[in-house]
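The values are calculated or read from the model by the stated rules, or taken from the named source; none is laboratory data. For clarity, every value in this text was computed on a predicted model and none was experimentally measured. Here Cβ is always computed from backbone atoms with ideal geometry, including for glycine, and neighbour counts include all displayed protein chains.
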Amino acid sequence: MRIAAGHPAEILALALFLLLAALFAVFGAYLLRRPERAAALFADREARHAFRAKDARAIGLVFTIGGVGLLAVGAVRLVFTLAAG
């Protein structure tokens, strides 16, 4: 399956995957850099327990590590796809 420009459609899918992974990593870095503001973003008035800055840091770490890992996997896959092309 090919797209209009003649590139494999898989490259477009991998580019979108890399973009999403980068957004995950950036969001995680934001949560790590500004945990107080992130805690306010996730705050829920009806919640039993308040969302603390410590919670935002933990979620930020997960998003950052996950995003960077997905970026690495996507980049390797993109290199193999381009090399086989």
Restricting attention to region 65-85, and to residues there that are at pLDDT below 90 and in a helix (DSSP H, G or I), which single residue is nearest to LEU31 (Cα to Cα)? LEU78
Looking for something in a helix (DSSP H, G or I) and basic (Lys, Arg) - is there at least one such residue anywhere in region 1-21? no
Going through (1) aliphatic (A, V, I, L, M); (2) modelled with pLDDT under 90; (3) surrounded by fewer than 13 Cβ atoms within 10 Å (Cβ to Cβ) one by one, ILE11 fails only at (3)
From the residues in region 27-48 that are basic (Lys, Arg) and part of a loop (DSSP other than H, G, I, E, B), which one is surrounded by the most Cβ atoms within 10 Å (Cβ to Cβ)? ARG34
